[in-house]
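First up is the structure itself, then whatever we jot down about it.
We did not get these values from a lab; they are worked out from the coordinates using the rules stated. What you are looking at is a predicted structure, and each value in this text was computed from that prediction instead of being measured. When we count neighbours, we look across all protein chains shown, and the Cβ atoms used for this are built from the backbone with ideal geometry, even at glycine.
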Amino acid sequence: MLGFFDDVADRMVEAVRQVSATKPKSRVAYVEALALATPAAMPLHADLVEKWQTNMLEVGAAMLEPGFQEAMLKNLQPRLEAAMKEVAAPSLSEVDATDCTRLARRLVELAGEGRTMKGMLAVLAPAFLPCAPVLPPEVAACQPTGRMSLAAYDACVAAETPAP
C-alpha cells in the first residue's frame, strides 16, 4: 500500500512542478495539484489503483492501521516539502485573475464530467471563492449556477469578451 501512496505523491509533486513551470502569479494555481493527494482525487488515480490492485476500501483500511500514516508521511515528507516550498513562494499572491480564470474553466470542466468528479469539484470549489473580486468581467458574467458544458462556458466567455 505504501507504493500506491508513493506513486500518488510522485504525481502530486510532478503536478506542482508543471504548475511552477507556467510561472503562476498566485497560490490558487496550485489548488488542483495539491488536491491530487486527497481522497477526492481517487478517480484521477484509477491507473494507480489498477497498478497496485487496490480499491478505496483497502486504502481507507490502510489509513486506519496503527502506524501506517506515520510510515507513509515519513516516506513522502521530503518530496512533499520540496513541492510545498514552490507553492509557498513569497512572490506569489493568494489569487490572480489569470490563475482564477483557469480555475473557473477547470471547475466547469469537472462539473461536466458528472458524478465521478463530484468529490474533486467539492475540494476545488472553496478555493475559487477568493477569486470573485479579481475575475475579469467576462469570466464573472459566465459563472455557472447549474450544469454547463465546457463548450457552452467558453462560448459565453467569448460572447462577453469586449472587442479589442
Checklist entry - Pairing the Cα long axis of helix 118-128 with the longest principal axis of the chain, what angle in degrees results, from 0 to 90 and rounded to the nearest 10? => result 60
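Where does the charge balance sit around ASP47 when Lys and Arg score +1, Asp and Glu -1, over other residues with C-beta under 15 Å from its C-beta? Don't skip to the answer; put the middle values down first.
Working: positive: ARG11, LYS51; negative: ASP6, ASP7, ASP10, GLU14, GLU50.
Summing Lys/Arg as +1 and Asp/Glu as -1 gives -3.
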Checklist entry - What is the Cα centroid distance between region 102-149 and region 1-75, reported in whole angstrom? => result 22
Item to check | Stretchable slack from THR22 to ALA141, in nm (0.36 nm times residue separation minus alpha-carbon distance) | outcome: 40.2 nm
Checklist entry - Using r as the Cβ-Cβ distance of ASP6 and LYS118, and R0 as 35 Å, what FRET efficiency do you calculate, to the nearest 0.05? => result 0.85
Item to check | Cut-off 20 Å, label 7 Å out along Cα→Cβ of ALA163, residues of region 124-145 by amide N | outcome: 137-139
Next on the checklist: Can you tell me how region 98-157 classifies by the Cα gyration tensor, rounded, prolate or oblate, using a/c under 1.5 as the rounded cut?
Outcome noted: oblate
Item to check | Diffusion coefficient, µm² s⁻¹, Stokes-Einstein with Kirkwood Rh over alpha-carbon pairs of region 38-164 at 25 °C and 0.890 mPa s | outcome: 140
Checklist entry - Using θ = phi - 60° and the Karplus curve 6.51 cos²θ - 1.76 cosθ + 1.60, what whole-Hz ³J(HN,Hα) does each residue of region 87-98 get, with Gly and Pro shown as x? => result 5, 8, 3, x, 6, 8, 7, 5, 9, 8, 4, 5
Checklist entry - What is the spin-label model distance, in nm, from MET84 to ALA71 if the labels are put 7 Å beyond Cα along the C-beta direction? => result 2.2
Checklist outcome for this item: Amide H proximity to SER149 below 5 Å, modelled H, separation 5+ or other chain, gives none
